[in-house]
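Notes follow once the structure below has been shown.
The values are calculated or read from the model by the stated rules, or taken from the named source; none is laboratory data. Keep in mind that what you see is a predicted model, and the values were worked out from it rather than measured. Glycine gets a Cβ as well: all are built from the backbone with ideal geometry, and neighbour counts include every protein chain shown. Each accessible area value is taken on the protein alone, full model and side chains, heavy atoms only, with ligands, DNA and RNA left out. Shrake-Rupley method; radii C 1.70, N 1.55, O 1.52, S 1.80 Å.
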Amino acid sequence: MAQGATAAEMEQKPAIKAQGLKLAFGGVKAVDDMAITLGRGEFLGLIGPNGAGKTTLFNMLAGTYRPQAGSILINDVEASGRDATARIGLGLGRTFQIPKPFPQMTVLENVVTGAQHQTGERLFANFLRYGKVKAEERAAIGRARELLDFVKLSHLAHEPARVLSGGQRKLLELARVLMADPSAILLDEPAAGVNPALLEFIISRVLALNAQGKSILLIEHNMDMVTRLCHRVVVMAGGRYLTEGKPAEVARNPAVVEAYLGAAA
Amino acid sequence: MIELISYGAFFLTLALTYAIMCLGLNVQWGQTGLFNVGVAGFVGIGAYVSALLTTPDAPDRFGGFDLPIAVGWIAAAIAAALASALLGAMTLRLRSDYLAIATFGFAVVVQLAVLNLQKLTGGPFGISFIPRPFGALASDPLVFGLCNLAVVGAVTLAVYGALEHLMRSPWGRVLRAIREDEQAASALGKNATVFRLQAFAVGGAIMGLAGAVQGHFIGYISPEGYVPILTFQVWAMLIVGGSGNNRGAIAGAILVWAIWAASGAALAAFIPADQQARASALKIVMIGVAICLVLLLRPRGLLGERATVSRHVENAGDHAKDKAS
Ligand SMILES: Nc1ncnc2c1ncn2[C@@H]1O[C@H](COP(=O)(O)OP(=O)(O)OP(=O)(O)O)[C@@H](O)[C@H]1O
Ligand SMILES: [Mg+2]
């Protein structure tokens, strides 16, 4: 895909280009006139103090919330008026800050559910085109097993997802969204509450994904992780765009430090 | 002895017609979580459509059309599916409790319609002379009873097989995913409204088919056969048998119908004749007691829901069974 994309290509056809986004919950302006662009093949960080509006912005990009104003282009298609179900078809996948596995389904089935364009998801095809359904299902299960290997959950393939630990759930969500093979992925705090050994593993997996050409937008509070992963970082505070830059520059920026301290006070 | 077998066949045949209704409700509630309290309406539509199409021409009402029984059954399923799809399209986008209100209202409308559209439905007198499968054998009650049982048993088995096939298919998996976490499913591109609508229509079609089969087995239908008590019975069957489990739905139907029939017989034997009309309410009480007992002893029903896995996953079946036991 966009492996080794030049800076010019990234500029031309971004994976996501959102402008003027606005969403208020009652009186709370969670996101206000926010713009963000995720280049093709880019690894972009999104940071900001608690309550800055990062997850709300994500939910607008992912279609869960409809913005009150603004536009969202996903792979050059206007998506602000379309709902969450349409996002994966545009090439955008997401994970959740609080993981959402299908708890009673097995780990393997959770992942297989991510498969797209399955003939067997059409009601009558299960009777009329059973041969095709069967072949696709076998292929999907094979792919899901590969993805479980990729996130090292293969030994739990037949357990119900409810038995997974918090960190394992984050990995399961990653495998599940990869099953849909989106070109861009929104990751909401994939490392929150994860032990240091698993953290290194998650870092290695998302780096591998980016190297495969996937564009990634990452929300993360762990600055060390952000520094190691991201090409560029956008800072939000109070629902607005504050600044952006290389991770190291941003961390030194007095305005950013003040925003974090201000939020803590 | 022959009488006993005849009665057994009659009882089981009738019980299986309820089992089919119960399988339909299981698709909607057990697998998808759709709260349909208008079961009687969909069963009634199926029964009337099939009766209308297959009865001989009647002078005092529209039709019948004297078509083959199989045509009547298929048309019954299609008509009930269309009715469910229409009702579902209007209400499934709304909050889930609206579906309950809408289905209840729908069943009342159906019942009032068949009661009052006399030119179409025979009104309060209902429709009689509905052709019975193997009607030519009616002179030998035993053979006739067993043949009927075989037909209804085959229909039950076919519906059961088709539903099990669907539940283990990618379609069934998406249905479970939506039930467990709608937001996560939609992030994966699964349109919850579309899948719910399909499940609702499939369930409705099965209820319509059950209504038709029952009508042809009894040979006579009338509006009081499709009142809310029927909905209550089918729900009781599903809860007792185990919501989410197709075998449970069948077992629950047979057990609850047995309780219903036995309490009816006990009332006839022990209650003086002039009190029997009032005492028949005790049958409903008996079903209530049965539900309470089952929920106390086996909270998930006789056969609770089991982990369902795609049939293409090797060994996963055994694994799921281990987990469930
Ligand atoms: N569904 C909602 N209803 C009302 N207010 C909300 C809702 N979601 C978010 N908010 C408010 O919007 C603001 C931004 O919340 P958001 O979850 O986007 O922050 P965040 O940057 O993701 O924070 P964190 O780093 O803690 O996850 C907060 O003030 C929050 O209380
Ligand atoms: Mg957040």
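So for the range B:189-196 (the condition being part of a helix (DSSP H, G or I), within 14 Å of chain A (Cβ to nearest Cβ) and free of Cβ contacts under 8 Å to residues at least 24 places away in the same chain), does at least one residue qualify? Within the range B:189-196, one or more residues are part of a helix (DSSP H, G or I), within 14 Å of chain A (Cβ to nearest Cβ) and free of Cβ contacts under 8 Å to residues at least 24 places away in the same chain.
Look at (1) within 15 Å of ligand 1 (Cβ to nearest atom); (2) within 14 Å of chain B (Cβ to nearest Cβ) and you find that A:Leu90 fails only one, number (1).
Among residues of the range A:101-120 being open to solvent by 30 Å² or more (accessible area, probe 1.4 Å) and facing chain B (nearest Cβ under 8 Å), the one that is farthest from B:Ser169 (Cα to Cα) is A:Pro103. Taking the conditions (1) without any contact (Cβ under 8 Å) to a residue 24 or more places away in the chain; (2) under 22 Å from A:Leu46 (Cβ atoms); (3) hydrophobic (A, V, I, L, M, F, W, C) in turn, A:Leu186 satisfies each one other than (1).
Considering only the range A:67-98, state which residues are of a type in the set (A, V, I, L, M, F, W, C) and either touching a helix residue (DSSP H, G or I) at 6+ places or on another chain (Cβ under 8 Å) or in a loop (DSSP other than H, G, I, E, B) (or both). A:Ile72, A:Ile74, A:Val77, A:Ala79, A:Ala84, A:Ile88, A:Leu92, A:Phe96, A:Ile98 - these are the residues of the range A:67-98 that are of a type in the set (A, V, I, L, M, F, W, C) and either touching a helix residue (DSSP H, G or I) at 6+ places or on another chain (Cβ under 8 Å) or in a loop (DSSP other than H, G, I, E, B) (or both). On inspection, A:Gly91 does not qualify as touching a residue at least 60 places away in the same chain (Cβ under 8 Å) and either more than 24 Å from A:Ile36 (Cα to Cα) or open to solvent by 40 Å² or more (accessible area, probe 1.4 Å) (or both). Could you tell me whether any residue of the range B:266-281 is under 16 Å from B:Leu12 (Cα atoms) and hydrophobic (A, V, I, L, M, F, W, C)? The answer is no, given that none of the residues of the range B:266-281 is under 16 Å from B:Leu12 (Cα atoms) and hydrophobic (A, V, I, L, M, F, W, C). Considering each residue of the range A:189-205 in turn, none proves to be open to solvent by less than 40 Å² (accessible area, probe 1.4 Å), touching a strand residue (DSSP E or B) at 6+ places or on another chain (Cβ under 8 Å) and under 22 Å from A:Val77 (Cα atoms).
From the set of residues in the range B:1-49 that are aliphatic (A, V, I, L, M) and not in a helix (DSSP H, G or I), which is surrounded by the most Cβ atoms within 10 Å (Cβ to Cβ)? Filtering first and then ranking leaves B:Leu34.
Only residues that are open to solvent by less than 30 Å² (accessible area, probe 1.4 Å) and under 13 Å from B:Gly33 (Cβ atoms) were counted across the range B:186-199, and they come to 3. With the structure loaded, tell me whether B:Val202 is crowded, with 23+ Cβ neighbours inside 10 Å, under 17 Å from the mean Cα position of the chain (by Cα) and facing chain A (nearest Cβ under 9 Å) or whether it fails that test. Judged against the criteria, B:Val202 is a match. Can you confirm whether the range A:28-35 contains a residue that is under 18 Å from the mean Cα position of the chain (by Cα) and either part of a strand (DSSP E or B) or within 16 Å of ligand 2 (Cβ to nearest atom) (or both)? Yes, because at least one residue in the range A:28-35 is under 18 Å from the mean Cα position of the chain (by Cα) and either part of a strand (DSSP E or B) or within 16 Å of ligand 2 (Cβ to nearest atom) (or both). Inspect all residues belonging to the range B:265-278 and state whether any of them is open to solvent by 30 Å² or more (accessible area, probe 1.4 Å) and within 26 Å of B:Phe42 (Cβ to Cβ). Within the range B:265-278, none of the residues are open to solvent by 30 Å² or more (accessible area, probe 1.4 Å) and within 26 Å of B:Phe42 (Cβ to Cβ).
Restricted to the range A:13-61, and to residues that are near ligand 1 (Cβ under 9 Å from one of its atoms) and among the polar types (S, T, N, Q), which residue is most open to solvent (accessible area, probe 1.4 Å)? Out of the qualifying residues, it is A:Asn50. Only one of the listed residues (A:Leu123, A:Leu73) is facing chain B (nearest Cβ under 9 Å), under 23 Å from B:Gln183 (Cα atoms) and hydrophobic (A, V, I, L, M, F, W, C). That residue is A:Leu123. Taking helices (runs of 4 or more DSSP H) as the structural unit, those lying wholly within the range A:154-265 and holding at least 2 residues that are basic (Lys, Arg) correspond to A:166-179. A:Arg138 fulfils the conditions (1) within 11 Å of chain B (Cβ to nearest Cβ); (2) open to solvent by less than 40 Å² (accessible area, probe 1.4 Å) except for a single criterion, (2). Just checking, does the range A:52-59 include any residue being of a type outside the set (Ser, Thr, Tyr), closer than 16 Å to A:Leu186 by Cβ, away from ligand 2 (no atom under 16 Å from the Cβ) and more than 14 Å from chain B (Cβ to nearest Cβ)? No, the range A:52-59 contains no residue that is of a type outside the set (Ser, Thr, Tyr), closer than 16 Å to A:Leu186 by Cβ, away from ligand 2 (no atom under 16 Å from the Cβ) and more than 14 Å from chain B (Cβ to nearest Cβ). Taken over the range B:182-226, the criterion of being charged (D, E, K, R) and over 25 Å from B:Val109 (Cα atoms) is satisfied by B:Glu182, B:Lys190.
Looking at A:Leu229, is it more than 15 Å from ligand 2 (Cβ to nearest atom) and surrounded by fewer than 21 Cβ atoms within 10 Å (Cβ to Cβ)? Criteria not met by A:Leu229.
Residue count for the range B:279-305 under the criterion of being surrounded by fewer than 17 Cβ atoms within 10 Å (Cβ to Cβ) and within 14 Å of chain A (Cβ to nearest Cβ): the result is 2.
Look at (1) open to solvent by 10 Å² or more (accessible area, probe 1.4 Å); (2) more than 16 Å from ligand 2 (Cβ to nearest atom); (3) in a loop (DSSP other than H, G, I, E, B) and you find that A:Thr64 fails only one, number (2). Can you pull out every residue in the range A:143-172 that is within 16 Å of ligand 1 (Cβ to nearest atom) and either within 12 Å of the chain's Cα centre (by Cα) or within 13 Å of chain B (Cβ to nearest Cβ) (or both)? Passing the criteria: only A:Lys170.
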